[in-house]
Structure formats: C-alpha cells, structure tokens
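Down below is the structure, laid out as structure tokens.
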4 protein chains.
Amino acid sequence: MMKAAVWKGVAKIDIELVPIPRPRQPSDVTVRVLGCGICVADTYILRGAVPLAKPPVVLGHEILAEVHELGADVDHLRVGQTVCVDPMVTCGSCSFCNHGTPNLCGRMRSIGFRQDGGFQQFAAVPARHVHPIRTSDRKAGVLAQPLACVLHGYDRLELQAGSDVMILGAGSTGLLWTQVMKRSTQAKLIQTETVASRRNIAVRLGADHAFDPTRGNLAGSVREIVPDGVDVIIDATGSARAVQEALPCLKKGGTLMMFGICSPGENVIVPAYEMFENEWKIVGTKMLPHKMSTAVAMLESGVIDSETIVSRALGLHEIKDGLEWLIEEPDRGLKFYVDPWLGE
Amino acid sequence: MMKAAVWKGVAKIDIELVPIPRPRQPSDVTVRVLGCGICVADTYILRGAVPLAKPPVVLGHEILAEVHELGADVDHLRVGQTVCVDPMVTCGSCSFCNHGTPNLCGRMRSIGFRQDGGFQQFAAVPARHVHPIRTSDRKAGVLAQPLACVLHGYDRLELQAGSDVMILGAGSTGLLWTQVMKRSTQAKLIQTETVASRRNIAVRLGADHAFDPTRGNLAGSVREIVPDGVDVIIDATGSARAVQEALPCLKKGGTLMMFGICSPGENVIVPAYEMFENEWKIVGTKMLPHKMSTAVAMLESGVIDSETIVSRALGLHEIKDGLEWLIEEPDRGLKFYVDPWLGE
Amino acid sequence: MMKAAVWKGVAKIDIELVPIPRPRQPSDVTVRVLGCGICVADTYILRGAVPLAKPPVVLGHEILAEVHELGADVDHLRVGQTVCVDPMVTCGSCSFCNHGTPNLCGRMRSIGFRQDGGFQQFAAVPARHVHPIRTSDRKAGVLAQPLACVLHGYDRLELQAGSDVMILGAGSTGLLWTQVMKRSTQAKLIQTETVASRRNIAVRLGADHAFDPTRGNLAGSVREIVPDGVDVIIDATGSARAVQEALPCLKKGGTLMMFGICSPGENVIVPAYEMFENEWKIVGTKMLPHKMSTAVAMLESGVIDSETIVSRALGLHEIKDGLEWLIEEPDRGLKFYVDPWLGE
Amino acid sequence: MMKAAVWKGVAKIDIELVPIPRPRQPSDVTVRVLGCGICVADTYILRGAVPLAKPPVVLGHEILAEVHELGADVDHLRVGQTVCVDPMVTCGSCSFCNHGTPNLCGRMRSIGFRQDGGFQQFAAVPARHVHPIRTSDRKAGVLAQPLACVLHGYDRLELQAGSDVMILGAGSTGLLWTQVMKRSTQAKLIQTETVASRRNIAVRLGADHAFDPTRGNLAGSVREIVPDGVDVIIDATGSARAVQEALPCLKKGGTLMMFGICSPGENVIVPAYEMFENEWKIVGTKMLPHKMSTAVAMLESGVIDSETIVSRALGLHEIKDGLEWLIEEPDRGLKFYVDPWLGE
C-alpha cells in the first residue's frame, strides 16, 4: 500500500492508503515519485474550474520520479533511472493529433488531470511519456514540465535578432521566462511584478529592468528605456487586466504572447484600428508539445537556476496550504513541490 | 492648367484648375492619371478620421497612369509607359524604415494622404514608387494597390497546406482575397456577406460556400462544413462586430487576420482563457510593403478577374457620390474608379 | 488463408499462401486491402538499396483498405470503413520522435518496409495509422500517402505570395505537385520532363509551360519566361543530375527543394560563392509527418485528378512488371496499383 | 585637401591627396572618418576577384565616422554626431529592391566597392545610410557593419529553443557569432578553429567547446558531446573545404548556414540521398539588409566584447600589411581598422 492525495471534488483533497499501481499496459511503467511541483493551475482545478480535470483523481503534473517497474514491452528504460514525466496524454487519432498538434487534442486524458498524477508515492504512466534526466536535483527535475511549456511558447514567438522583450509577472514561470530570454535576446529585457522581492530576483536572474506595474505610468517608464516600445510582451501572470495594461508598451509590429492561463470569463479588449495601425500579433500558446526532452537537456546543463525558483518541499498533507500560499502569500515562496515521502 | 479634386476639410472636395506639376526632385516623375480607384479609406479621410491624411490635398492612392515627364536622374522609365503607383512614401531613416518595415514608418507622407494623389489629371511622384504594368486595362490597373495590400496580408498568414479559409465580406477587397485564396488553398473557402448579389459573385469567383452572417447561426453553418472550424479567418469588412461574431468559427490553432480597417474606437473582445485553450493567433496587417510589383505581375497574368470587381469610371465631380454609394448603396457597384478626363 | 507477395531478398518476390493476420496488439486493426500503389522506392528496396527495409517482408506502403477486424482497445473505427494507412511507424521515444519530427526517427519500422505492407490481401496495422476516407475511388485512395509527402514538402517551402515555381519531372509525384502548386501559387508554374506525353499531361493539369530539359538551354528557356529565374524549384525526379542542371534557373533568394529520393552515392555540387551571392536555400524533405489526414481531405474534395495519374490495377503476380515499367517503359503508364484480389 | 588610399587595380593601392568631398545630393552628408575596419573581402577585392567592386575607388566598408557637413535636405542628423555607415547602396527600383530584398539588388553601387569608402579622411555618403551610435569607442563602432551581417544571418536561421550550435572558424566574424549565439541558444555552443590562441578566445567569449578541426575525427568529437549531431552549423571560415568536413556533424533535420564568403570556383559536394534521409537545410546569407540599427543598438548596450576582437589601428600606409596579416599571420591580430589620421 502507499499514500495518495486524492482530489474528490471542489476544495476537497483526501490522503488515502491505496494499492501501489502496476503498469496497466505492456507499454506502461510505474514510477516512484521523488517530487511533484504545485502549479497555479492546480488551484483552478481544485475549484472545479478546469474541464480538462475530473475527480476523483490524484492531481500533480510536474513529476520527477524514479522508474520502479517496467511493462512487458518497454525496453528503452531501466529500473532506478531518474525521469521526468510528460503529463500530456492525448488520443493519438483525432484531427489535431494527426496534424502534429497533440496539445489541441479534444480527448486529452492528461496525468494529474484525468488520470492519477504525482501527488502520491507511486504512479503508472505510459513509457513514452517518461524522459530520463541526468540530475539528482529535485528542484531542477520538477521544473521540466513548466520549462517545456515556456519553450513551446518560445518557438511560437519566432524571435528576431535584437528584440526588446517585456515579461509580465515574476512568479516561478515568469522567472523561467527571464532565464530563457536572457539567453535568447541580445537586447533589453524588462519585467513587471508587483511583489518587490520578486522584482529583485528578476533582476538577479537577468532582467535589465523590473517595474511595479501598479506604480506610475507603465508605458511611460517602458518607453523611457525603449522609445518605440518593446518588440515582444510575454504574459506570465494569467491576468487579463495585466495584459490589457501592458498593451500600450508594445511596439508597432510587435507580438503579445498570452502565456499565462487566465480565468475563464476574463477578456482582453483589443482596439481594432490599432491592430491595423500597429500591425500587432497576439499569440496564444498551450502546454508543451514536443518540448519535454529539450527542457530536460536545459536543466541538465545547468543554465536554469532552479534553486532560486523552487522554494521547498511540502508533504502530502500540505498541498492545500501550498496552493493557498501561491495565491495569497507570495512572500512564502516562489514555488513548492510535494515530496510524498516527507514525514515517513 | 489641369483639373484637380482638392480635399479641403471635413466633407469638402473642390474641383480646381491648377498648374500641371513638374518633377519636384531629380528623382521624381510626373504622370498623366488614367484612373484612380476610390477606396473605403477615402470616406474615413473625408470625415477627418485618418491622421495619416491632412488637407488641403488631392486624395486618391490607387493610381494607374502614364509616365509624362522624367526627372533628371530617372533612367529606368520612359515617357508613355503605363504604370501603377505605390503610394506609401516613408521617411527612410526612422527605426521602422531601417528594420525593413516601412509600412510602420511614423513619418509617412503618402500619396493621396499627405501629398497630392490620383484624383487629378497629372501627379508628381517619386520614380521609385512607379511600377510599369503591361496592360492597358484600366480596371485591372487600378487594382494593383489594393491587391498588393492583400498579398502583404497573405505573407503574414504563413498558410499551411490544406487550410480551410473563411473570408468576411465580399466587397471589392474581399473578392480580391477570394481570388488569391482560390489559388492558395487546396481546401474549403467560405465567405460571408450580407448582400445577396455579392454572395453570388463570391461563389462565381471561387468561394465554395457563401453565407449571410446575419441569418441563423454562423458558427453552426460553418461547422457543418468544417466540423473543427476554419484554420484561417480573414476580415475584409473592417467591422469589429463582424470579427467578433466570426471568432467562434475559428479552429483550435487557427489564425484570425484583421485586414479590414476598423473605425478608431471599435474593439474586439478577446476571451482570454480561449487564447490558451485554443492556441489562437490574431494578426494585424498594414498596407503593402514590398508587394506592389508582385501585384502588378499577377494582374498582368490575368489570374485576377477585375472586370467583375471594378464597376465603372466616375468623373472628378462624382467622387463624393462614389464614396457615398460604397457605404450606402452596395447594389450600385463593387468598386468605382475616377477617370479625371471624363467629360473633357 | 490469403495470398501475399513476400519480398525475399534482392530481386526476389514470392506469392505465398499465409494465414490471415489478426490484430497483434489491442490497439491494432486488420484491414482488407483494396489497392496498394507501387512506388519508385519499391524498386530501390527490391534491389536492397534501402536500409529502412529488410526481407522477408511484404512490401507496399500506399494502402487503401477496408477495416476488417478491430483490436480490443479500438473504439474510433468500425468494421467496413474505407481507410488509408499511414505507413510511417516510429519508436515514439527517441529524441526525434520527442521533438515532433517522427519522420527522422532512427528506429522506424514502417509498414511495407519492416512490417508487412499492402501487397497482400489482408494486413495488421496500428489503429492510429488508419485514416477513414469518404470515397470508394481506388485510384484516389492509393494516392493519399504520396500526396501527404507532397504536402509535408509544401509546408517546408514557406511559399510567399506570387512565387514562380518550377517542378522537375512529371511522373505521378511530379504531377501531384503540379496540382497542389496550381492551387498554391498565383504566378508561373513551369515543369520539366523528358517524356512528351507527360509534358502534355503536366500542361493539362495546370503547368503554364512544360520543357524537355534535354533539349536546348534550359536556363535560357526558363529565363525567357521569368527573367530573374524562378523563386522555387521542386525536384520530383530523384536525379541528382536533373537537380544540378536546374540550379541555374533559380532566382536570387530562391529555394531548391530536393523532394525526389536520389540514389545513395549521387551528389549535387553546390557552388559555394553563389550560395552567398544568390542567398539560396536548399531544403530536403522526408516522408509525410502529420499530413495524412490533410491528404485524405484533399482527395475527398476532388481537387486532385487521380484518374489521370493512376493508370490501372495489377495483380500480385505483376508487381515486378509494374516496377520495371515505372523505370523502363514510361509510356505504359504513370502509376500502377496492386489489387491483391485481381484474378481471384 | 585630404588623404585617401585609392585602389587602382590588382594589388595596387596608392595614397593620394584629393579634395575633401562635399555632399553630392541634397540627401547626402559628408563624414569625417574615425575608423574603418579591414575585411577579408577587401583582400578578394584587391585581387580583382569581386565583381561588385571596380577600380579606381577608395575601399573600406566598415566605417565609423563623425558627421561633417549636411546636404540641404537632411534634417534628422547634426554635425558632430558619431555614426556608423551602412555601405549597401542599392538601385531602389529593380525587382529585388521592390521585394524588400535590397541585398540581392543587381545594380548595387556599394560604399567601399563602387563608390569611395572609408580608407580616406572624409567621405560623402547618402544620409539614409548613416546611423547615429552612442559610443565613442572606435573598436565597437567599426564592428557595426560585420555584426549587422551576422544578425541578418541569424534571422534566416529561424532558431528553435534548445538548438545545439557549431560555428566554424574563430576569426573576428566567427567570434561575433560566438557572442550572438551565446545569447541566443540555451544549449551547446561548439566552435572549430585551427589557431590555438583563437580557440581560447572562443571559449572565453562563450563557446562551450573549441576544437581544432584538423586534429582527429571532428564528427566523432562533436558527437561525443551531442550524440545526434548539432542542430545548426554556421560557417564563418569562407572555406568550402571546412564546410564539407563539418557536414557529418549536422543532426537530422539540421541547418547548415553558409555565412563565410567562399572563393568563386569552390564547391560544396552535397550527398543527394542524405538530403532526403536527413532532411537537411542549407542556407546562404548575404550582407546586412535592415539590420544596421539593430547592430548599433547591440554595440551601444555593451553585450559585444569588441576590445578582444579588434586588435589595433593601422595607418593608411599599412592597409596592405593589414590585409596580408589577416590571411597569413593570424597571430598578429584578429581584426584591424584603419585610422586615416594616424601619423598626422
């Protein structure tokens, strides 16, 4: 038997003793969870706001683990290997899967959403979703999934040489963007963030300037540095209002990337004449298709400072605390991960 | 002396007798105007709503002409050649011009906006804005400028093989899009238009289906044909409301191109969560950088049916009538051009 | 029992009576073969020149079939459905599969190469490789796989508005390119082909000009039509020499696509200074990742004339004849398919 | 009067006393030359191997200068401003200029090639070719032109997140690539160079590994670091042989950029089957369209270490020495610039 934190419905998570899972298919493996990041999306799920997730299920989709048991057909992994798990499980036969855009699959059954995820001691997952990683650093390993999302967004940006970039938000994902962009643009990197301590971290990790967007005139401050505005804005807040307020900072010909997941029902009001006059692009981006192994390689190479971004481990009983802190008490930490063995 | 229709201010155009212009610079030419298309933008200008234009000035930026006199430095043109005029005159030294995006130049002085355009018998224009065209068909020639705008938009679409496309509006520009797209996609081409006669023309020129967007459930009708929605929506109405209502027809992963020029002050309300969930792109496009000669080649080759799109010539005294008809009396014609010699 | 044409080694194909296959995995289906195109690559395989294929195996990778039996886990197909088969079976876990480029997988075990293909009466295939098609036309159905390869190439071209295109070769694949390009470019479409009857077909299917590349000066003839050269050259001959001889027809800034599969050992000699001076691109393209369902939709819609391209059905005993005719007797037909039931 | 080094024909440069030039057009300026980089291309020109250049002319196309006199129409510059000069003067009216690809113009009359360049004390240049730079550092300023060429190449690479990159050559241009790539890829950066001291500099400026390509098995060494090969190879040697030998290091799906200018007559032999099997791209790149101001901004911001790359100033009499050293005595320095006032 093992411990699992089962999401039972709105605001309800129970710690239960359940059997250790076995590979369900010959192409599955089971893994022993080493750590599993807590994501802002988990708070939305807990509220019942995310149709992609359905209770009862074990949440947790940012999984670092150790291979525990191999299904009969699995020959490219070995027991004991440290691995990251790509949680995006798709149908493989709808038109979106067929077009090479599995992230748009309408019949997703993702790990931590529709099938049991990482907030438990062991998990059964398809072997092809498992990516070996050469590091024993848990703080690095739990970042593979969010970093892969960032890299998918990066590819959609089609960045040109010398682009000035502004990142909205310096939470854990915003700071992953900081580090990727620091190694991607040769020009100015500006970040906005309301929490002072996070602005300091943004600058330490590579931002040239960090502003409090609630103080003074944001567009004015930005245009003092880059008079024509920035070439690229990346939203990492998930706040439609933050996006709206940043729009006047965008250069003619620029691209706004809506990376953060906004609450259903929020809107961004796009001035129609300005879309012509300024020839803007607004680009959505979703999940992490085809980017997990690139993220793993980047974490292995040490170019990402995970120590600064990942604050500390929580036990299974602290998941709800962790989710609350993410939203309500930003000074408690940038990002937490669950260690399901903590306190054993 | 020659006749010119001079825009004097809101709603005021006077026909005046003025001297025939000479090349102002050694790199200018003067041309004898053969025809000049009336554009919906001219109605906005006439109202004073377009900051790019300033009275007093001769409007008209879709010019077909004959070379009349060469400036001292011009050696690649000859008197008598039929030419189209690229009206987009830019500063050449701002950061946007320097980046190869002259259409974003902040110091534009375009022909028919800030310097005298085609609603007169002769015009002085920079020689590098003049493109020889091998056709004597006035209806074809006056389409070079709007077609070049369409082609710039086309390049920004980054169309993939097998994309289903929906065009909003079947006015003259919408029908240029019909013809370009008929030769660009191997999949479905859907068009929306409120005027029945124009829907018929859309189908004749290549649309597979033409809907009245005000009747019934547009998204429902579209998704009967393409169950996942269309890959691309191109707005050729310039109505923010038309764009808004078409958004539910867009496939996950799809692109909305805002091509039509909306009135300043109009908005498109973009649902923020759907930008993530559907991974949409919204793309603005502006004017015709680098596309005039491609448009000319396309018109020469006869792949564009201009006879159907361009209704007839008007005299200088009828410009205001033509502008009114465009907006108020769609059955009078799809597009008019001014022949400044009519009635001489 | 059923009949199968088994490739046994260099130049050796035996017709054998073997058991009708059952789904090997719960995610497999078996299909009843309706027709299977003969591909030039099959001649290379037969010679033993293609490492991707290994005897003994049933060749044939352009399969139209009917679903015969469903594996236990297959719920999105039904028995009796007409389907096309995507033959590209990849490992799903190597770095290339992980990056969304399964066509580069180093551990491919494709249908008709490493596992039994379509030159037999029934075949077992993974359900996710099966694409329903709404047509009973065998000549259309057997074109889905080669057309999907064309469409993958198309996406890699990143075609701009108004590009002049030249296709080398008017065999069956070259003529698929003709038809796709006729609906993709608004400018000139030129085709080269040594066989006169095929040049006529190229013109009938949409080429504006068709040249015999062995007669006269090819670059001279091409530059009479497009003085600066063509924007795009697509090789559909698989002859390095044809590619080499066409290079002088390429415009500055143009793209050469090497689509045809050349024999191992052949070379194209690229003039190094000209790569700078002319800023050319040379682009390889491989197989059909993510394009099968788009090809199916295109064939369903009737925009591809398959009647002209696919000559007739052959029986299992005629496979070697068909392969020989493809190479040696072009006047016998453009393309053949095997009907494994012929003569029953 | 002023001093000018006039190229008179093969291997012949004379220092002459000539009148200080005045603006030739109202849109010209004259500049006082502060420094002008010596480029490897100048050695080709001196031999008579570059058709773009024609004697008698003053060479030198990497110009840092001070505005000296303004033409009548120039209002966006002021006397005394420090500026970089974009040497690429194009006709503005050919099909390539019209398409936004002035670097492909067939009637170029570039500064330092067909009109007098920077190896003199003053020069007359078109005002739109002049870019103010906020630095008084001559070593930085003379790098604007070569850096702009690098940035144009960069945009043509369409780099994806996590690409492993190999740069061939660690001369001054190769080391500009090192610095741009260090800020552009989050993955491995490998450089090849025969001169040991330059390999050390490459590593100091950001390369993760630097190899001598003439020692041992290059592909073997590279594939020890990146087993699948590198995603991108950028040639900065201008040696077809170096390109040829590096090709086996390229990953399937990878891109080879031919950036260095090879001698006319050299060839790269491209294996034709591998272009299919490996789905490679080979991309040429030419000059610096639209990138001068981005290069200037990058130099102003200090992200480029010019001190290491630019060795020292030479007088007008030492130009031929400098050219010889570049080729024959790599240990004398990475790059030299001419200060036409040296020794006055």
Flag for B:V232 being of a type in the set (V, I, T) and more than 13 Å from chain A (Cβ to nearest Cβ): yes
Of the criteria (1) in contact with a Cys (Cβ under 6 Å, 6 or more places away or on another chain); (2) open to solvent by 40 Å² or more (accessible area, probe 1.4 Å), which one C:C97 fails: (2)
Scan of segment A:36-72 for residues that are of a type in the set (D, E, K, R), closer than 18 Å to A:K8 by Cβ and within 18 Å of the chain's Cα centre (by Cα), ordered by number: A:D42
B:G80 vs. criteria more than 10 Å from chain D (Cβ to nearest Cβ), more than 22 Å from the chain's Cα centre (by Cα), open to solvent by 20 Å² or more (accessible area, probe 1.4 Å) and not aliphatic (A, V, I, L, M): yes
Candidate set: segment D:161-174, residues that are open to solvent by 10 Å² or more (accessible area, probe 1.4 Å) and assigned to a helix (DSSP H, G or I); chosen: the one farthest from D:Q244 (Cα to Cα): D:S172
One residue from D:P264, D:P227 being under 30 Å from D:V85 (Cα atoms) and either open to solvent by 10 Å² or more (accessible area, probe 1.4 Å) or within 11 Å of another protein chain (Cβ to nearest Cβ) (or both): D:P264
Candidate set: segment A:249-261, residues that are assigned to a strand (DSSP E or B) and at the interface with another protein chain (Cβ under 7 Å from one of its Cβ atoms); chosen: the one nearest to A:P213 (Cα to Cα): A:M258
Any hit, segment B:101-109, residues being within 10 Å of chain D (Cβ to nearest Cβ), more than 19 Å from B:G60 (Cβ to Cβ), in contact (Cβ under 8 Å) with a residue 40 or more places away in the chain and surrounded by fewer than 23 Cβ atoms within 10 Å (Cβ to Cβ): yes
Answer residue from segment B:59-74, given it is farther than 18 Å from B:M2 by Cβ and part of a strand (DSSP E or B) and is farthest from the other protein chains (Cβ to nearest Cβ) among those: B:E62
Matching residues in segment A:27-67 - criterion: being basic (K, R) and in contact with a Lys or Arg (Cβ under 8 Å, 6 or more places away or on another chain): A:K54
Output for segment B:134-143, where each listed residue is surrounded by fewer than 23 Cβ atoms within 10 Å (Cβ to Cβ) and not charged (D, E, K, R): B:T135, B:S136
Residue that is least open to solvent (accessible area, probe 1.4 Å), among those in segment B:144-160 that are more than 9 Å from chain C (Cβ to nearest Cβ) and within 30 Å of C:A144 (Cα to Cα): B:L157
All positions within segment C:198-209 that are at the interface with chain B (Cβ under 10 Å from one of its Cβ atoms) and β-branched (V, I, T): none
Selection count where residues are open to solvent by 20 Å² or more (accessible area, probe 1.4 Å), touching a residue at least 12 places away in the same chain (Cβ under 8 Å), assigned to a loop (DSSP other than H, G, I, E, B) and away from chain B (no Cβ under 14 Å), scope segment D:275-309: 3
Residue in segment C:310-332 that is farthest from the other protein chains (Cβ to nearest Cβ), counting only those that are farther than 17 Å from C:Y44 by Cβ and open to solvent by less than 20 Å² (accessible area, probe 1.4 Å): C:G315
Lone unmet requirement of (1) open to solvent by 50 Å² or more (accessible area, probe 1.4 Å); (2) in contact (Cβ under 8 Å) with a residue 24 or more places away in the chain; (3) not in a loop (DSSP other than H, G, I, E, B) for C:M181: (1)
Matching entry among C:L218, C:L250, C:L205 (being more than 26 Å from D:T285 (Cβ to Cβ) and touching a strand residue (DSSP E or B) at 6+ places or on another chain (Cβ under 8 Å)): C:L218
Filter result for the condition that a residue is aliphatic (A, V, I, L, M) and part of a loop (DSSP other than H, G, I, E, B), over C:A202, C:A187, C:A242, C:A246: C:A187
All positions within segment C:168-197 that are more than 14 Å from chain B (Cβ to nearest Cβ) and closer than 15 Å to C:D235 by Cα: C:L168, C:G169, C:A170, C:G171, C:S172, C:T173, C:G174, C:L175, C:Q191, C:T192, C:E193, C:T194
Subset of segment C:24-58 [over 25 Å from C:M287 (Cβ atoms) and in a loop (DSSP other than H, G, I, E, B)]: C:P26
Options D:R215, D:R198: the member that is surrounded by fewer than 20 Cβ atoms within 10 Å (Cβ to Cβ) and not acidic (D, E): D:R215
Among (1) farther than 17 Å from A:V180 by Cα; (2) open to solvent by less than 30 Å² (accessible area, probe 1.4 Å); (3) away from chain C (no Cβ under 14 Å); (4) not in a strand (DSSP E or B), the one test that A:V270 misses: (4)
Segment B:110-131, residues that are within 10 Å of chain D (Cβ to nearest Cβ), open to solvent by 20 Å² or more (accessible area, probe 1.4 Å) and not charged (D, E, K, R): B:P126, B:H129
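The values are calculated or read from the model by the stated rules, or taken from the named source; none is laboratory data. All of these numbers come straight from a predicted model, not from anything done at the bench. Counting neighbours? That spans all protein chains shown, and the Cβs are built from the backbone with ideal geometry, glycine included. Surface accessibility is based on the protein's heavy atoms, side chains included, excluding ligands, DNA and RNA. Shrake-Rupley method; radii C 1.70, N 1.55, O 1.52, S 1.80 Å.
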